[in-house]
Structures are given as structure tokens and as C-alpha cells.
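Read the structure below first, then the notes.
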Number of protein chains: 2
Amino acid sequence: MSWLDEVPWNGEGLIAAVAQDAKSGRVLTVAWMNRDALKETAERKQAVYWSRSRKKLWRKGEESGHVQRLVEIRLDCDADAVLLRVEQVGGIACHTGRESCFFRRLDNGRWVTIDPVLKDPAVTYKK
Amino acid sequence: MSWLDEVPWNGEGLIAAVAQDAKSGRVLTVAWMNRDALKETAERKQAVYWSRSRKKLWRKGEESGHVQRLVEIRLDCDADAVLLRVEQVGGIACHTGRESCFFRRLDNGRWVTIDPVLKDPAVTYKK
């Protein structure tokens, strides 16, 4: 029995995946994985997700260069989420050019952007 | 417009919620919230989730005493997940008596339990 068979994939064949910077501890992203994405993540030692909007594998960093190098994969108690501890290349996980996708905080009933843009996405994603 | 209206609840009216220990940085749990859960979390300053199996609000710690006191709530860029930074009362988030639900690590193609049980759940959940 493969370790992949122990993951109770949901009705869409997916599991939630949280990426955390292994050094800073920041939670960087929450995304989804199907079986192929999780398998490839473990094999390549780089985060690969399943894009639900584009319906294809999303090799994180393939355009931006901001790959997430795998440190370890963890599974939670009821096995409905995996945690990737990663080294975030470039120190930028978010397509907005910020360290983390969680750059908005609830302050007095409003979502307030509190983290700076470290690199202009127009530069990162220029063709 | 309420901050709750800015959350793009999924087809089931839910959003993924990641809880992180604000002090240690450990990712503790991944669970789900509906609108009522997120509203109550913000108001009570304690984590409240939606239990998909029991189909009711799950006030984390109501049985175990292991409540998660809210430090801050963050929202990610595409708003499909919230991050709760919390103070984990008792230092135990998992129903197995461990600090974090992510106590299994992938090692050479096997999920290996690597974190200790800090408190016997039979003691925590005794009636």
C-alpha cells in the first residue's frame, strides 16, 4: 500500500495543502493537491499543486522562479490536509509580490493590507 | 458591506481555516468555517469552526478545554483561506493529545508519527 493511498482524497480527488516557510515559520499559501501533485512534490522535492481554476498541475514558481523547495511533508490527524515545510526561493510566495498570501488582517471590521510588496509582479511575470 | 461579505464562501458556504500558534509558529490545525463560525470567532476571540461531519458549529476546546484564543485573523490573496494566529491553551491542539494535528511526517515513503502525546486523551475527554 502506497503512502498516497492513505490520503483520503475528497470528492474531487483533492486535499488541502498548507505551505509554511521552514525558516521564518510564516504560513505562505494554502492550495490544493491531487494525487499526481502530491506524488510529484515528494519526488521533485518542490511544491506542485493542482490549480482548480486552470484544471491542471501547477508547478509553483514555473513562471515566477519562486519555487518552494521541500523540507518535509506532514499529514494531519484526520488526513484532510498536508503541511509542506519549504524553503521559499526569493522570499516571495504570493503572486502579488509579497512574502505570504496572508497579507490582509482583520482590523476593526475591515480587511487591511499590512505586508509590503517586496517585488513588483510586473517585473516577476514579464514575458 | 461587511468584512464577512468579502469572503467568497465555497459551494458549501465554507472557507478553509488554518490555525497557527502565534508563539511557536507551529501549524496546529486545518479546519473549516462557515459564516457564523468566522463571525463568532471574531466576536468571542476564540476559534469556532464548522464541523462537516457533525454539521454544527464546533467551539474548539468546549470539551477538552484546549481553546484557541485569537491573536489575529488573516485572509489570503484569493480569499479562499483564513489564517488564525492563536494562543493554544494547554499547548495541545490535537484530539490525540499532541501539540499539533500535523504529527506525521513522510519518511522514505511512509507516514511516521514523530510528535509525542503530551496528555492522554482519555484524561482530557473523561466525562
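Only the coordinates and a few stated rules stand behind these numbers; no lab work does. Since the structure is predicted, the reported quantities are computational estimates derived from the model, not experimental observations. FYI the Cβ positions are ideal-geometry reconstructions off the backbone, even for glycines, and counts take in every protein chain you see.
Could you work out the local net charge near B:ARG26, counting Lys and Arg as +1, Asp and Glu as -1, over the other residues with Cβ closer than 10 Å to its Cβ?
After counting each charged neighbour, the total is -2.
Looking only at other chains, what is the average number of their beta-carbon atoms within 10 angstrom of each beta-carbon in A:50-57?
For this peptide, the per-residue mean of nearby foreign Cβ atoms is 0.
Nearest to the axis that maps chain A onto chain B: list the chain A residue whose Cβ wins, with the distance in whole angstrom.
With distances in whole Å, chain A gives A:GLY25, 2.
What is the local net charge at B:THR96, summed over the other residues whose Cβ is closer than 11 Å to its Cβ (Lys, Arg +1; Asp, Glu -1)?
Neighbourhood net charge equals -2.
Under 20 Å from the Cα of B:LYS60, which lysines turn up, not counting those fewer than eight places away in the same chain?
Cross-link targets: B:LYS23, B:LYS39, B:LYS45, B:LYS119, B:LYS126, B:LYS127.
Using a label position 7 Å from Cα in the Cα→Cβ direction, what is the ascending list of nm distances from B:ARG52 to the same site in the other copies?
1.0
Compute the label-point distances linking A:SER2 to its equivalents in the other copies; points lie 7 Å from Cα along Cα→Cβ; give nm, one decimal, shortest first.
For A:SER2, the other copies' label points sit at 4.4 nm, shortest first.
What ranking, highest mean first, results for peptides B:90-98, B:102-110, B:50-58 when packing means the other Cβ atoms within 10 Å averaged over each residue?
Put in order of decreasing packing, that is B:90-98, B:102-110, B:50-58.
Which whole-Hz ³J(HN,Hα) couplings does region A:78-90 yield from phi under the Karplus relation 6.51 cos²θ - 1.76 cosθ + 1.60, θ = phi - 60°, glycine and proline marked x?
Computed from phi, the couplings for region A:78-90 are 9, 6, 10, 7, 10, 10, 9, 8, 9, 9, 8, 5, x Hz.
Based on Cβ point charges of +1 for Lys and Arg and -1 for Asp and Glu, what charge dipole magnitude is obtained for the protein assembly as shown about its Cα centre, in debye rounded to the nearest 20?
80 debye
Count the net charge of all other residues whose Cβ sits under 12 Å from the Cβ of A:ASP120, scoring Lys and Arg as +1 and Asp and Glu as -1.
Value of the local net charge: +3.
Report the relative contact order of chain B, percent, no decimals, based on alpha-carbon pairs under 8 angstrom and at least 6 residues apart.
Computed over chain B, the figure is 21 percent.
List, shortest first and in nm to one decimal, how far the label point of A:GLU72 (7 Å from Cα along Cα→Cβ) is from its counterparts in the other copies.
2.7
Using only the alpha-carbon atoms, how far is helix B:35-44 inclined from the longest principal axis of chain B? Give it as 0 to 90 degrees, nearest 10.
With rounding to tens, the tilt is 70 degrees.
Assigning unit charges at the beta carbon (Lys, Arg +1; Asp, Glu -1) and nothing else, what dipole magnitude in debye, to the nearest 20, does chain A show about its Cα centre?
580 debye
Looking at chain A, identify the longest residue range that excludes and avoids all GluC sites (Glu not before Pro) in DSSP loops having at most 16 other Cβ atoms within 10 Å.
Of all site-free stretches, the longest is A:64-127.
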